[in-house]
Structures are given as C-alpha cells and as structure tokens.
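Please treat every number below as a calculation from the coordinates, not as lab data. Fair warning: this is a prediction, and the values are worked out from it, not measured in the lab. In this analysis, Cβ positions are derived from the backbone assuming ideal geometry, glycine residues included, and neighbour counts consider all displayed protein chains.
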Amino acid sequence: MSRLLGSVHELACDDDVPPGEEVLDGSPTAAVAELGTVGGAEVGIWEMTPGTARDVEADELFVVVSGHATVTFDDDEVVELRAGSVVRLAAGDRTTWVVHDTLRKVYVTPRDPQHSVVQGEIP
C-alpha cells in the first residue's frame with residue numbers, strides 16, 4: 001500500500017454533495033473525496049464551482065488549495081479565501097459562500113460532532 005494518496009490538485013472529487021442548504025445565485029455544484037480518518041477526525045477534499053450558497057457549518061478546520069471565494073458570516077465577518085488560507089469554522093456558523101473561481105480545500109472535521117477538531121484557542 002502506498003502512503004502517497006495523490007496530488008491534492010488531481011484527486012477526483014466524485015461524491016456529489018449539495019453546495020449548501022440553499023443556492024442563492026448561479027448553479028454551483030459541490031463534490032468531495034473522502035481520504036480517511038486520522039485520530040477520530042475525517043479528512044477529505046471539498047470542491048465547489050462558481051455560484052452563491054448559504055449553509056450552516058459543521059465544526060471544521062480547512063486549508064484552501066486553489067480557487068477564490070468570499071465567505072460572509074451572519075455576524076458580518078467577511079473572509080476572503082485563496083490558496084493558502086487556513087480557516088476554522090464552528091458548528092452552527094451560518095455562512096454565505098460566494099465562489100468566484102472553483103474552490104478546492106482540504107478539510108478536517110470530527111466524526112463525532114460532540115468533539116472539537118481543534119482544542120483550545122487559535123491565535
């Protein structure tokens with residue numbers, strides 16, 4: 001068995017998922033590639049094509065590997081996402097995602113929603 005799973009830019013996201021709870025603009029699609037579990041957390045790749053969607057987030061830590069999007073939280077925080085962005089979402093965050101260029105991220109989320117991905121405060 002190879003330890004190399006492949007290139008984050010080339011691994012196929014074959015499992016179609018809704019782009020969010022509600023599509024607001026365009027016809028965005030989303031897909032995932034589940035890579036496995038590490039220490040009780042799920043790790044995978046998620047991708048969304050251009051468009052706008054609203055969502056209620058799960059507990060998650062992710063790193064953007066390509067694309068560009070703007071995420072607006074219901075508390076009015078706006079986060080610009082580009083390759084290299086590292087973001088922490090809390091379960092229950094309400095967000096609006098405007099994807100300008102197809103966004104691809106590597107995510108880590110707990111298998112058990114009762115547990116947090118990240119312990120303690122993030123600087």
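Tell me, what is the Rg over Rh of the chain, with Rh the Kirkwood radius over Cα pairs? Don't skip to the answer; put the middle values down first.
On the way: Rg = 14.1 Å, Rh = 14.9 Å.
Using only Cα positions, Rg/Rh for the chain is 0.95.
Just tell me the longest site-free run in the chain, where the sites are GluC sites (Glu not before Pro) in a DSSP loop having at most 12 other beta-carbon atoms within 10 Å.
Details: sites that count: E10, E21, E77, E121.
Segment 22-76 is the longest.
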**Request:** Pop the C-beta distance of D14 and H100 into the FRET formula with R0 = 30 Å and round what comes out to the nearest 0.05.
**Result:** 0.80
**Prompt:** Given the Cα-Cα distance of D74 and V87 and 0.36 nm per residue of separation, how much length would full extension add, in nm?
**Reply:** 3.1 nm
**Request:** Find the relative contact order for the chain and round it to a whole percent, using C-alpha pairs within less than 8 Å whose residues are 6+ positions apart.
**Result:** 27
